[in-house]
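Asks: First the structure, which I've put down as structure tokens, then a few questions once you've had a look.
The values are calculated or read from the model by the stated rules, or taken from the named source; none is laboratory data. Please read these numbers as outputs of a predicted model, since none were measured by experiment. Here Cβ is always computed from backbone atoms with ideal geometry, including for glycine, and neighbour counts include all displayed protein chains.
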Amino acid sequence: MSGIKDIPLIQRAKRNKDRRAIIASEGVFNYQDVLNASAKIASSLVEGVVDLKETCVGFLIPPGFHYVAVQWGIWRAGGIAVPLSIFHPRPELEYVIQDSDAAILVAQPDFEEKLRPIAEKQGRRLLLTTALLDAEPRSLPEIDVNGRAMILYTSGTSGKSKGVVTTHRNIEVQVKSLVSAWEWTQNDHVLNVLPLNHIHGIINVLTCALWAGATCEILPKFDAEVVWSRILEGNLTLFMAVPTIYVKLIAAWKRASSERQKAMSDACSKLRLMVSGSAALPVNVIEEWKTISGHVLLERYGMTEIGMALSNPLHEKRVPGYVGNPLPDIEVRLVDEQGKTAMPGTPGEIQVRGPGVFLEYWRKPDVTKNAFCEHWFSTGDIAVVENGIYHILGRSSVDIIKTGGYKVSALEIEEVLLTHPDIQECAVVGVEDPEWGERVSAALVLKERRNLSLVSLRDWVKERLATYKIPTQILLLEGLPRNVMGKVFKPDIAKLFREKKGTEYP
Ligand code: AMP
């Protein structure tokens, strides 16, 4: 085992002790504060066991200082960090906790009520951050950098989300690649508005900032007015978001008075870099943002399983609609349907290889094996290289919907809809939308003499699925279009939505 006392992220934090690390609702904290708090948390976690030895620890904490302290504490105790989403309703939390088999759950006291019944039902140990922070520091275990560090849950074609396992080394490689390509330094100050149970927020923003010795200012959630006010205050250098957030920032800018607009634009132009990713960035958004802020958004392409793979350049010209070229330490190739390297100018599936690529899907050895071809990971995304630059054409599968930067599984939503007392059959598809990337859209066949409105359906689904998975439009159909094999043919359903056929509720 290549055991070292501390993982490199912690070693680096020790060298940046007096620098400001986190600004959040709990206050302002330097690296020493994060080290102290995470040491106490780790000490509590290893009480009686010495080393968590890759035990999964699920934690439900809003983005902020305590989130980071617990994440680092789990790592320093030798555990696997499993971030839970504060926006997930109980069934989804139950699923992630059950699937990861998290023996320990950590909650911020405000979320105790949400986790306690699950912990009791599933026989998990529940600890509160307040109690963890009370511990006396004790000696911590050596950490294997090749050991499992984190599981992020991501939607797959097979319905329920899968746990993507990364090692400490994978995370280090992913972070170093971005720190080098986007030239992060100690002088950077990034504003995080993204959820911290998704790669974009947790790796590209939070961990890159803390690796670089920079400051990460964390808002508990995105609010366009709050972000603009913060930009107006000055001293931010970096901002990273999904396209939907830029659409909302543009709308908020348009609502402002012309005097305020000018101040907003001036303040925004002072940032050194603004990045977009996690979904395709429409060219009109790039153009509007350029007019407002003077920035050509840097678009990049990546995935939970691989970290970031392709990026527009930091200094040279960025081409709208394109995602640039491979980042450091990652190899990218396009493969045609026969599994051969795609000819230049012809589309192919993106495959990637490198030390940052994830280790496995948690406890799914067959799914993991099928996702790789001689160490190349098949992303399921189709791209083409034009003039030497990658252009993403979309997912090969129609069952993954990208909405507002989230990736959701249509099958998972269908499973829930089919438990509704009025629904006979259903098919969920993503329909292109300038604001959301794709809208979650459900075609429904109702049981005889039943009626269902979008509003009542949404109220019903709200109790069962995260907000961003709730259909925002429905079509009532007599029957679903199916192929000869009896399988629902989804492209036809998306077409019906686009043509507004069938009965639609606003
Ligand atoms: P996630 O694992 O949730 O980050 O989702 C990864 C998926 O988001 C990829 O497989 C792509 O389908 C999509 N994606 C990420 N970045 C881009 C981009 N710049 N353009 C188009 N799709 C993207």
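Asks: Mind listing just one residue for me: the one in region 176-233 that is more than 20 Å from the chain's Cα centre (by Cα) and of a type in the set (D, E, K, R) and, of those, nearest to the ligand (Cβ to nearest atom)?
Replies: Taking the candidates together, the pick is GLU183.
Asks: Please identify the pairs in which a residue from region 460-477 that is within 18 Å of LEU93 (Cα to Cα) has its Cβ atom under 7 Å from the Cβ atom of a residue that is of a type in the set (Phe, Trp, Tyr), counting only partners at least 6 apart or on another chain.
Replies: ALA466/PHE87; THR467/PHE87; TYR468/TYR406
Asks: Something else now. So which residues in region 283-306 are more than 10 Å from the ligand (Cβ to nearest atom), part of a loop (DSSP other than H, G, I, E, B) and in contact (Cβ under 8 Å) with a residue 40 or more places away in the chain, if there are any at all?
Replies: The answer is LEU297, and nothing else.
Asks: Let me ask you something else. Would you tally the residues in region 209-222 being out of contact with any Lys or Arg (no Cβ under 9 Å at 6 or more places or on another chain) and either at pLDDT 95 or above or farther than 20 Å from ALA81 by Cβ (or both)?
Replies: Residues meeting the conditions: 4.
Asks: May I pose another question? Exactly one condition in (1) loosely packed, with under 12 Cβ neighbours inside 10 Å; (2) modelled with pLDDT of 90 or more; (3) within 30 Å of ASN284 (Cα to Cα) is false for GLU499; which is it?
Replies: Against the list (1) loosely packed, with under 12 Cβ neighbours inside 10 Å; (2) modelled with pLDDT of 90 or more; (3) within 30 Å of ASN284 (Cα to Cα), GLU499 comes up short only on (2).
To keep it simple, each residue is scored yes or no on (1) assigned to a loop (DSSP other than H, G, I, E, B); (2) assigned by TED's automatic domain parsing to the domain that holds LYS270; (3) surrounded by 22 or more Cβ atoms within 10 Å (Cβ to Cβ).
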position	(1), (2), (3)
LYS162	no, no, yes
GLN186	yes, yes, no
VAL190	no, yes, yes
HIS200	no, yes, yes
LEU210	no, yes, yes
CYS216	no, yes, yes
LYS221	yes, yes, no
GLU225	no, yes, no
SER229	no, yes, no
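Asks: Let me ask another. Every residue in region 375-395 that is farther than 22 Å from SER409 by Cβ and at pLDDT 90 or above, please.
Replies: HIS375, TRP376, VAL385, GLU386, ASN387, GLY388, ILE389, TYR390
Asks: Please determine whether any residue of region 351-374 is over 19 Å from the mean Cα position of the chain (by Cα), exposed (fewer than 14 other Cβ atoms within 10 Å of the Cβ), among the aliphatic types (A, V, I, L, M) and more than 28 Å from PHE222 (Cβ to Cβ).
Replies: no
Asks: So, one more: Can you tell me which of (1) over 26 Å from PRO434 (Cα atoms); (2) at pLDDT below 95; (3) β-branched (Val, Ile, Thr) is the one VAL352 doesn't meet?
Replies: (2)
Asks: Moving on to the next point. Among the residues of region 127-151, what is the count of those that are touching a Ser or Thr at 6+ places or on another chain (Cβ under 8 Å), under 30 Å from VAL357 (Cβ atoms) and surrounded by 17 or more Cβ atoms within 10 Å (Cβ to Cβ)?
Replies: Residues flagged as touching a Ser or Thr at 6+ places or on another chain (Cβ under 8 Å), under 30 Å from VAL357 (Cβ atoms) and surrounded by 17 or more Cβ atoms within 10 Å (Cβ to Cβ) within region 127-151 amount to 8.
Asks: If you don't mind, another one. In region 144-154, is there at least one residue being of a type in the set (Ser, Thr, Tyr), farther than 23 Å from SER25 by Cβ and not assigned by TED's automatic domain parsing to the domain that holds ALA13?
Replies: yes
Asks: Quickly run through region 270-282 and pick out the residues that are out of contact with any helix residue (DSSP H, G or I) (no Cβ under 6 Å at 6 or more places or on another chain) and either among the hydroxyl-bearing types (Ser, Thr, Tyr) or in a loop (DSSP other than H, G, I, E, B) (or both).
Replies: LYS270, LEU271, ARG272, GLY277, ALA280, PRO282 - these are the residues of region 270-282 that are out of contact with any helix residue (DSSP H, G or I) (no Cβ under 6 Å at 6 or more places or on another chain) and either among the hydroxyl-bearing types (Ser, Thr, Tyr) or in a loop (DSSP other than H, G, I, E, B) (or both).
Asks: Hey, could you check region 272-282 for residues that are near the ligand (Cβ under 9 Å from one of its atoms) and either among the hydrophobic types (A, V, I, L, M, F, W, C) or out of contact with any strand residue (DSSP E or B) (no Cβ under 9 Å at 6 or more places or on another chain) (or both) and say which is nearest to TYR361 (Cα to Cα)?
Replies: Only one residue fits best here, namely ALA279.
Asks: A further question on this structure: Of the numbered conditions (1) closer than 28 Å to PHE87 by Cβ; (2) away from the ligand (no atom under 12 Å from the Cβ); (3) in a strand (DSSP E or B); (4) not acidic (Asp, Glu), LEU411 fails exactly one; give the number of that condition.
Replies: Only one criterion in (1) closer than 28 Å to PHE87 by Cβ; (2) away from the ligand (no atom under 12 Å from the Cβ); (3) in a strand (DSSP E or B); (4) not acidic (Asp, Glu) is unmet by LEU411, namely (3).
Asks: Taking region 434-454, which residues are within 20 Å of GLU412 (Cα to Cα) and not in a strand (DSSP E or B)?
Replies: Scanning region 434-454 gives TRP436, LEU454.
Asks: Continuing with this model, one more query. Just to be sure I understand, how many residues within region 424-467 are over 25 Å from ILE86 (Cβ atoms) and buried (at least 21 other Cβ atoms within 10 Å of the Cβ)?
Replies: Result for region 424-467: 7.
Asks: Could you list all residues from region 414-424 that are part of a helix (DSSP H, G or I), acidic (Asp, Glu) and modelled with pLDDT of 85 or more?
Replies: The answer is GLU414, and nothing else.
Asks: Give me a count of the residues in region 307-342 that are hydroxyl-bearing (Ser, Thr, Tyr) and touching a residue at least 24 places away in the same chain (Cβ under 8 Å).
Replies: 2
Asks: Take the residues in region 101-115 that are closer than 9 Å to VAL57 by Cα and not in a loop (DSSP other than H, G, I, E, B); name whichever of them is farthest from the chain's Cα centre (by Cα).
Replies: So the residue we want is ILE104.
Asks: Moving on to the next point. Which of the residues that make up region 346-362 are aliphatic (A, V, I, L, M) and out of contact with any Lys or Arg (no Cβ under 7 Å at 6 or more places or on another chain)?
Replies: Residues satisfying the conditions are ILE350, VAL352, VAL357.
Asks: Can you report the number of residues in region 252-285 which are at pLDDT below 95 and among the hydrophobic types (A, V, I, L, M, F, W, C)?
Replies: Selection size over region 252-285: 5.
Asks: If you go through region 85-100 one residue at a time, how many are buried (at least 17 other Cβ atoms within 10 Å of the Cβ) and in a helix (DSSP H, G or I)?
Replies: The qualifying residues number 6.
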